[in-house]
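J.: Below is one structure. I have some questions about it.
The values are calculated or read from the model by the stated rules, or taken from the named source; none is laboratory data. Worth saying up front: this structure is predicted, and the values here are computed from it rather than measured. Here Cβ is always computed from backbone atoms with ideal geometry, including for glycine, and neighbour counts include all displayed protein chains.
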């Protein structure tokens with residue numbers, strides 16, 4: 001397995017990132033431990049979470065995913081085998097949100113405590129905070145890097161112009177700069193990233209770690225029509241993918257998967273891994289069987305014809 005370097009750092013990650021959003025939501029702690037062990041024992045090393053996972057679940061307050069990861073680190077001693085990515089900035093209630101320096105300082109300590117570690121490899125702005133000067137946010141991150149609590153920083157959910165502004169701010173001040181970007185990007189959701197954000201990524205040489213790599217499960221082949229998503233945990237999100245273009249994509253995925261005797265999820269991830277500047281897509285699994293189809297994408301070699309089929313079906 002060929003690992004990929006993040007930005008201009010020396011940190012290398014496996015070509016697939018395990019999404020931690022499901023830990024404590026649709027996956028309990030024992031199953032989470034099984035998935036984490038299998039992932040790392042197969043030689044994969046990057047796990048992504050956030051302080052607000054999974055606040056959207058009734059009765060949850062955020063931090064559930066980080067807590068499970070921390071318990072796993074404590075149980076297994078595998079912290080040194082993992083490139084740990086988490087995020088700050090989403091609303092946790094009681095005024096806990098945004099990217100002001102004082103809040104970042106508070107939030108990182110809470111994450112470190114839940115994660116039972118003394119450093120975070122990749123600390124990411126979960127969402128842009130237009131109310132806070134970029135200089136303040138980036139200076140706060142720079143301070144965390146200098147004291148060793150964070151190794152590098154990244155951005156998520158930034159538009160192209162704002163991302164460029166942040167990168168130029170870091171350069172002009174001589175402080176820590178975003179090395180990675182975590183956008184919504186997959187075979188179905190292409191236009192916004194490719195038209196608005198990719199030019200900035202290319203200009204500054206960022207490494208991209210896309211989320212929703214499987215479009216909330218739409219690209220796994222599990223759902224064949226809109227009626228299939230009724231009652232699913234992500235029914236609202238999934239329904240939006242079932243348009244004429246989405247159906248063409250599902251047909252193309254099925255065709256390529258059949259030709260390679262593999263799963264649609266593997267094909268969708270392999271397509272994403274081959275796109276410019278993609279370090280590794282993020283994908284979540286709720287079972288070992290699901291995880292196997294994700295890991296299989298790393299070894300899948302799509303042909304020129306496969307890419308043509310997929311690109312034509314997903315053209316916008």
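J.: Collect the residues in region 184-208 that are within 16 Å of residue 271 (Cβ to Cβ), touching a strand residue (DSSP E or B) at 6+ places or on another chain (Cβ under 8 Å) and part of a loop (DSSP other than H, G, I, E, B), keeping them in residue-number order.
T.: 185
J.: What are the residues in region 72-105 that are crowded, with 17+ Cβ neighbours inside 10 Å, touching a residue at least 24 places away in the same chain (Cβ under 8 Å) and part of a helix (DSSP H, G or I), if any?
T.: Correct list: 72, 73, 79, 101, 104.
J.: Test residue 123 against the stated conditions and say whether it is modelled with pLDDT of 95 or more, closer than 26 Å to residue 16 by Cβ, under 22 Å from the mean Cα position of the chain (by Cα) and assigned to a loop (DSSP other than H, G, I, E, B). Before the answer, list the steps.
T.: On the way: modelled with pLDDT of 95 or more: yes; closer than 26 Å to residue 16 by Cβ: yes; under 22 Å from the mean Cα position of the chain (by Cα): yes; assigned to a loop (DSSP other than H, G, I, E, B): no.
Spelling it out, it is not the case that residue 123 is modelled with pLDDT of 95 or more, closer than 26 Å to residue 16 by Cβ, under 22 Å from the mean Cα position of the chain (by Cα) and assigned to a loop (DSSP other than H, G, I, E, B).
J.: Give, as residue ranges, the helices (runs of 4 or more DSSP H) completely inside region 220-308 that count at least 1 residues that are in contact with a helix residue (DSSP H, G or I) (Cβ under 9 Å, 6 or more places away or on another chain), crowded, with 19+ Cβ neighbours inside 10 Å and touching a residue at least 40 places away in the same chain (Cβ under 8 Å).
T.: Output list reads 244-260, 264-273, 288-295.
J.: Mind listing whichever residues of region 184-206 are touching a helix residue (DSSP H, G or I) at 6+ places or on another chain (Cβ under 7 Å), crowded, with 23+ Cβ neighbours inside 10 Å and within 30 Å of residue 112 (Cα to Cα)?
T.: Scanning region 184-206 gives a single hit, 185.
J.: Across region 56-71, which residue is surrounded by the most Cβ atoms within 10 Å (Cβ to Cβ) among those that are in a loop (DSSP other than H, G, I, E, B) and touching a helix residue (DSSP H, G or I) at 6+ places or on another chain (Cβ under 8 Å)? Step through it out loud before you land on a result.
T.: We begin by selecting, within region 56-71, every residue in a loop (DSSP other than H, G, I, E, B); these are 56-63.
Remaining after also requiring touching a helix residue (DSSP H, G or I) at 6+ places or on another chain (Cβ under 8 Å): 57, 63.
On the way: 57: 14, 63: 23.
Result: 63.
J.: Just to check your reading of the model, which residue among 21, 8, 37 is touching a residue at least 12 places away in the same chain (Cβ under 8 Å), over 18 Å from residue 86 (Cα atoms) and part of a loop (DSSP other than H, G, I, E, B)?
T.: 8
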